[in-house]
Amino acid sequence: MTSTYRVQLTPDFGFARAAELVGYLRELGVGNLYLSPILQAVPESLHGYDVVDHGRIRAEFGGEEGLRALAAAGLPLISDIVPNHMTVPVPESGNAQLWAALRDGPGSPEAKWFDFQWPVALPVLGDEPGGLRVDGPILRYHDHEFPIRPGTEHLPLPELLEAQHYRLVGWRESPGYRRFFDVSSLVGLRVEDPEVFAATHAVTFRLIEEGLIHGLRVDHPDGLADPGGYVRRLRPHVSGPLWVEKILVDGERLPADWPCDGTTGYETLNMITRLFVDPSSRESLIETFARHTGVRDDYETVTYQSKKQVIERFLRGEVDRLTAALGDPALRDAVVELLAAMPVYRAYANPGERPPEESVRIVADAARLAATRADPDAVAKTADLVLYGPPEAVVRFQQTCGPVMAKGVEDTALYRWYPLAALNEVGGEPDRFGVSPAEFHAFAAGLPPRTMTTLSTHDTKRSEDVRARLAVLSELPREWAMAVDSWASVVSFDPRLDYLAWQNLMAAWPITVERFTDYLLKAAREAKTAISWMDPDPTYERGVREFARRAVEECGYSVAAFTEVVDRYARAGSLGQKVVQLLMPGVPDVYQGTEITDFSLVDPDNRRPVDFDRRRRLLADPDDSWDGQKMLVTTTALGLRRRIDPEAPYVPIEAGKHAVAFARGDRAVAVVTRLPVGLERRGGWRSDTITLPHGRWRDLLTGCAYTGRVPLAHLLARHPVAILEG
């Protein structure tokens with residue numbers, strides 16, 4: 001297992017189109033083709049996480065026949081699986097298990113599939129009354145369909161509604177089931193039940209047994225009742241690689257008893273990004289941010305405020321259900337404050353088991369903080385109950401921590417506090433500006449040898465090259481402040497949004513008005529300071545559209561000129577982070593298209609179609625453009641990666657402030673430039689040298705040979721990076 005290449009399958013890009021890429025990907029140096037979910041989802045789905053049928057390969061992709069043809073094309077396949085949830089489709093009859101459970105109630109075989117509260121609240125009703133009608137055995141509401149309990153078809157409508165195993169409620173209300181975060185159209189599954197586990201994994205396991213699928217990526221394990229137990233049940237069926245999409249917050253580690261190869265790499269992404277950020281600009285960038293936005297609170301305060309808003313506005317049902325499981329309504333305020341104080345997505349306590357020391361420490365630390373905001377005795381009681389109390393309470397608390405972190409931090413705080421948006425990534429810490437080479441080396445040396453590493457994914461807030469541009473601002477804080485001041489004097493709208501807009505406009509340039517508008521509308525809805533997904537405001541949204549249009553049309557020339565200056569340095573960061581990721585410990589993943597520059601923003605922008613014809617041309621004949629250099633670096637590093645033992649030791653090499661270097665055993669050495677603005681201002685490399693490990697080394701990018709002590713001015717004369725093979 002040397003590397004993976006992630007593709008996002010869509011109805012327009014299915015198995016046949018993926019098979020056409022195999023020759024190109026093999027030439028690129030890719031080891032495995034990594035697929036987004038392949039089981040039957042909503043037919044029009046562009047991402048595949050809204051599964052409706054675990055028993056079928058998705059028809060829109062070409063079905064099982066198409067998958068077999070793709071597997072025969074020559075690259076081992078990795079599949080993304082979604083154990084946590086299914087979709088509630090429209091019409092609802094599209095999910096057979098959900099339909100049967102709603103029709104036949106808690107005693108039905110299908111009822112065990114879902115984490116329901118009976119009768120199940122279904123949040124579908126609009127603000128206008130009316131629209132419900134009976135059509136034989138079906139209750140219809142606009143495009144929605146619901147099964148009618150047998151024997152109640154002829155009751156008057158009010159009585160019929162009372163007789164069902166579900167109740168229809170307003171679309172803003174919480175549903176009567178566990179869901180994916182706050183997405184009511186994704187209903188939680190109970191894969192802890194052996195029959196549900198078997199039914200939802202039968203096709204996947206068969207594909208593995210037949211050799212069609214080589215390994216798995218597990219989506220959102222933290223939503224499950226027992227993530228560790230799930231991974232332990234899964235592992236015997238997966239002889240190949242097994243990765244979990246676990247978000248590790250700064251310094252957190254994957255539970256040691258999970259028998260998997262590692263995470264999907266967000267912690268590595270964040271460490272690599274920080275490596276190319278100059279921490280000396282921290283206060284300057286925070287001040288510019290505060291001056292433009294009016295936000296004077298620190299990140300910790302904004303995070304707390306964001307979590308509280310999300311809990312009370314969007315997760316009330318989850319908190320109410322957890323409080324009920326604790327058995328004491330008076331503990332609700334303590335529950336809210338304990339959830340808001342939790343620093344991680346989950347603490348991993350299981351009912352009836354002694355919780356790990358680390359889990360106890362995390363909850364105790366959170367309780368100490370929560371006790372400053374709520375009744376200390378109630379907080380202490382709550383903390384004890386979520387670790388040692390009723391089984392449902394222990395599980396519910398664990399399953400609620402993730403949504404609070406994801407919606408409160410990822411999808412709220414990161415859109416409110418953004419002095420340097422390069423740091424605002426999934427699992428990131430926006431107030432941690434940079435890491436030293438020594439800190440990075442210590443992190444890299446401790447990585448599991450087969451964990452996944454990444455720079456861009458289908459879920460990143462910004463692509464790797466957008467972050468590379470933004471990182472340069474940490475070396476140009478005064479120039480950046482002057483530029484954004486000039487743009488803001490021409491076009492302004494909402495101070496809480498504008499400064500984020502200017503960062504992303506510059507870093508994603510060139511960008512169409514349509515793409516920029518879509519990004520800003522999503523950012524505003526996520527920030528929840530003026531609008532949200534649940535609380536639209538047509539007047540505000542018109543203002544966003546007008547701001548986006550004017551920003552591009554009236555400031556585009558100036559933005560382009562500033563970006564041109566940034567790119568003189570961002571290229572070094574772009575190539576440098578690619579080399580580091582592809583050659584450090586772990587199995588590197590290349591997200592579709594990022595073998596050359598990609599300036600995408602948050603989904604769905606980062607799931608746009610990729611121009612593979614252009615990439616094929618550059619692979620055949622890489623020019624000296626940024627795209628050509630990134631292609632050369634990517635294919636060279638992937639090729640070398642195939643010749644490196646995954647267990648090869650990571651050996652830091654001293655390279656000074658403006659370079660990072662490491663060896664992988666006696667096979668490879670990576671050398672990259674960091675903080676290139678500062679390097680230029682000090683007059684270049686001057687007499688700086690690097691001492692290579694014993695032996696003779698050849699730079700695969702230039703063909704030059706080196707031994708011993710080498711001047712960095714020579715080694716990095718042609719490219720800002722070097723890829724050396726012993």
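Accessible surface for the range 1-61, divided over its residues, is 31 Å² per residue with a 1.4 Å probe. When a/c reaches 1.5 or more, the comparison of a/b and b/c decides; with that in mind, is the range 218-263 rounded, prolate or oblate per its Cα gyration tensor? Prolate, because a/c is 1.5 or more and a/b exceeds b/c. Sequentially through the range 426-440, phi angles give Karplus couplings (6.51, -1.76, 1.60; θ = phi - 60°) of 4, x, x, 10, x, 9, 9, 8, x, 9, 7, x, 5, 5, 5 Hz, Gly and Pro residues having no value and appearing as x.
Taken per residue, the accessible surface of the range 544-672 reaches 36 Å², heavy atoms only and a 1.4 Å probe. Net charge of the neighbourhood of Trp417, taken over other residues with C-beta under 12 Å away and scored Lys/Arg +1, Asp/Glu -1, is -2.
The alpha carbon centroids of the range 630-667 and the range 444-484 are separated by 19 Å. A Förster radius of 30 Å, combined with the Cβ-Cβ distance separating Arg718 from Arg642, puts the computed FRET efficiency at roughly 0.80. With a simple spin-label model that places each label point 7 Å from the Cα along the Cα-to-Cβ direction, the separation between Asp333 and Arg608 comes to 5.0 nm.
For a quick check of your reading of the filter: which GluC sites (Glu not before Pro) in the range 618-726 sit in a DSSP loop and have no more than 16 other Cβ atoms within 10 Å? Mind showing how you got there, number by number?
Details: sites: Glu647, Glu654, Glu680, Glu725; in loops: Glu647, Glu654.
Hits after loop and neighbour filter: Glu647, Glu654.
Between Arg354 and Ser93, the modelled labels are 5.6 nm apart [label points 7 Å from Cα along Cα→Cβ].
The H on the amide N of Val169, modeled in the peptide plane, is under 5 Å from the matching H of Leu122, Val124, Leu125, each at least 5 residues off or on a different chain.
What's the extension gain from Asp666 to Tyr388 if we count 0.36 nm per residue and subtract their Cα-Cα distance? Stretched fully, the Asp666-Tyr388 segment lengthens by 95.0 nm.
Sequence-ordered 3J(HN,Hα) estimates for the range 648-664 from the Karplus curve with 6.51, -1.76 and 1.60 and θ = phi - 60° stand at 4, x, 8, 10, x, 10, 5, 9, x, 6, 9, 9, 10, 9, 7, 10, 10 Hz, glycine and proline given as x. By the Kirkwood approach, averaging reciprocal distances over each pair of separate Cα atoms, the range 49-107 gets a hydrodynamic radius of 13.6 Å. Charged side chains reduced to their Cβ positions (Lys and Arg at +1, Asp and Glu at -1) give the range 176-234 a dipole of some 40 debye around its Cα centre.
Overall dimensions of the chain, expressed as equivalent-ellipsoid semi-axes from the Cα gyration tensor (√(5λ), whole Å, largest first), are 43, 30, 26. Amide H contacts for Ile653 (H built 1.01 Å from N in the peptide plane; partners 5 or more residues away or on another chain; cut-off under 5 Å): Ala661, Phe662, Ala663. When shorter helices are ignored and each DSSP H run of at least 4 residues is given -39500 (n - 2.57), the per-residue value for the chain at 222 nm works out to -13000 deg cm²/dmol.
The amide H of Arg6, built 1.01 Å from its N in the peptide plane, has Tyr34, Val590, Tyr591, Gln592 as neighbours under 5 Å, considering only residues 5 or more places off or on other chains. Values of log10 I(q)/I(0) for the range 573-682 across q = 0.14 Å⁻¹ run -0.66, by the Debye formula with one identical scatterer at each alpha carbon and no solvent.
Could you please report the charge total around Phe397, scoring K, R as +1 and D, E as -1 over all other residues with beta-carbon less than 11 angstrom from its beta-carbon? If you can, show how the numbers build up before the last one.
Values: positive: Arg321, Arg346, Arg396; negative: Glu318, Glu392.
Once all neighbours under 11 Å are counted, the net charge is +1.
Among the lysines, select those whose C-alpha is under 25 Å from the C-alpha of Lys630, and discard any that sit fewer than 8 residues away in the same chain. In chain and number order, the partners are Lys461, Lys578, Lys657.
Taking all protein chains together and rolling a 1.4 Å probe, Asp365 ends up with roughly 60 Å² accessible. When a/c is below 1.5 the answer is rounded, else prolate if a/b is larger than b/c, else oblate, so apply that to the range 224-325 with a ≥ b ≥ c taken from the square roots of the Cα gyration tensor eigenvalues. Oblate is the answer for the range 224-325, as a/c is 1.5 or above yet b/c matches or exceeds a/b. Shape class for the range 86-229, computed from the alpha carbon gyration tensor (a ≥ b ≥ c): prolate, with a/c not under 1.5 and a/b above b/c.
What the phi angles of the range 415-421 give under the Karplus curve with 6.51, -1.76 and 1.60, with θ = phi - 60°, is a coupling list of 9, 10, 10, 8, x, 9, 5 Hz, glycine and proline written as x. Kirkwood radius and radius of gyration were both taken over the C-alpha atoms of the range 457-575, and their ratio Rg/Rh is 0.97.
The values are calculated or read from the model by the stated rules, or taken from the named source; none is laboratory data. From a predicted model like this one, the values you see are computed outputs, not experimental measurements. Neighbour counts run over all protein chains shown; Cβ positions are idealised from the backbone, glycine included. All accessible areas refer to the heavy atoms of the entire protein, side chains included, with ligands and DNA or RNA removed. Shrake-Rupley method; radii C 1.70, N 1.55, O 1.52, S 1.80 Å.
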